[in-house]
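The values are calculated or read from the model by the stated rules, or taken from the named source; none is laboratory data. Just so you know, these numbers come straight off a predicted model, no measurement behind them. Note that we place each Cβ from the backbone using ideal geometry, even for glycine, and neighbour counts take in every protein chain shown.
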């Protein structure tokens, strides 16, 4: 939808009765889809650019670009247009859609174009001093800063397969350890077990001598 306000022939401001043609709109706020609202004059503009730097001491000579964080630009401007009630209603409807939308806007002026902005809010007024056919609008704008996402790719190589096992290698036992890796538990017999074992051993010896000597 195009919200451009057509050029009108009434004198801007209503103070002079002479029928002078109003200059065409030169101040335009437009979104990415081409929807725009045009104004005849700019009464005031104020833009702010700022950045943040560390407040704590840093090593001499170590200040780098990442130490300065640039804040989005923001500002306000006051625009005016003259028209019929229908023209003014159309302009307000267009501003309302730009303020509620998700598209970035740009402010086009004869001296500079401000891009990558969002219309954060707006106020408007009509009074008898300037004429009720004059709409004054205060726009609050804020820059949207976008950065490219950094992507890196890394190739992961698979480990080489193990060498095949040949018949000679399977028969080779030199690589087999002869050490027993098991765990051992020591046992100490009691005095009674020792006496019993000695008595049994003595009886066995006497039995063998008896068999030999007859």
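So residue 118 passes all but one of these: (1) under 13 Å from residue 77 (Cβ atoms); (2) surrounded by 17 or more Cβ atoms within 10 Å (Cβ to Cβ); (3) within 26 Å of the chain's Cα centre (by Cα). Which condition number does it fail?
Failing condition for residue 118: (1).
I'd like the residue in the stretch 26-44 that is in contact (Cβ under 8 Å) with a residue 60 or more places away in the chain and buried (at least 18 other Cβ atoms within 10 Å of the Cβ) and, out of all such residues, is farthest from residue 76 (Cα to Cα). I'd like the intermediate steps shown before the answer.
Taking the stretch 26-44 first, the residues in contact (Cβ under 8 Å) with a residue 60 or more places away in the chain are 26-33, 35, 37, 39, 42-43.
Keeping just the survivors that are buried (at least 18 other Cβ atoms within 10 Å of the Cβ) gives 27-31, 35, 37, 39.
On the way: 27: 14, 28: 14, 29: 13, 30: 16, 31: 17, 35: 20, 37: 16, 39: 15 Å.
If we take residues in the stretch 26-44 being in contact (Cβ under 8 Å) with a residue 60 or more places away in the chain and buried (at least 18 other Cβ atoms within 10 Å of the Cβ), then 35 is farthest from residue 76 (Cα to Cα).
Could you check the stretch 50-70 and list, in sequence order, the residues that are without any contact (Cβ under 8 Å) to a residue 12 or more places away in the chain and either surrounded by 10 or more Cβ atoms within 10 Å (Cβ to Cβ) or more than 25 Å from the chain's Cα centre (by Cα) (or both)?
56, 57, 58, 59, 60, 61, 62, 63, listed by residue number.
Suppose we keep only residues that are without any contact (Cβ under 8 Å) to a residue 60 or more places away in the chain and either part of a helix (DSSP H, G or I) or touching a helix residue (DSSP H, G or I) at 6+ places or on another chain (Cβ under 8 Å) (or both) within the stretch 96-106. Which one would you say is nearest to residue 141 (Cα to Cα)?
99
Condition check ((1) at pLDDT 90 or above; (2) in contact with a helix residue (DSSP H, G or I) (Cβ under 7 Å, 6 or more places away or on another chain); (3) part of a helix (DSSP H, G or I)) across all residues:
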| residue | (1), (2), (3) |
| --- | --- |
| 37 | yes, yes, no |
| 44 | yes, no, no |
| 54 | no, yes, no |
| 57 | no, no, no |
| 72 | no, no, no |
| 76 | yes, no, no |
| 81 | yes, yes, no |
| 87 | yes, no, yes |
| 93 | yes, no, yes |
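Any residue in the stretch 71-87 that is free of Cβ contacts under 8 Å to residues at least 24 places away in the same chain sitting within a Cβ distance under 7 Å of a residue that is crowded, with 17+ Cβ neighbours inside 10 Å and part of a helix (DSSP H, G or I)? List the pairs, counting only those 6 or more apart or interchain.
Close Cβ pairs (under 7 Å, with a partner that is crowded, with 17+ Cβ neighbours inside 10 Å and part of a helix (DSSP H, G or I)) do not exist here.
Which of the residues that make up the stretch 107-157 are on the phi > 0 side of the Ramachandran plot and part of a strand (DSSP E or B)?
Answer for the stretch 107-157, where residues must be on the phi > 0 side of the Ramachandran plot and part of a strand (DSSP E or B): just 116.
For the condition modelled with pLDDT under 70 and under 16 Å from residue 106 (Cα atoms), what is the one hit in 3, 12?
Every option except 3 fails the conditions.
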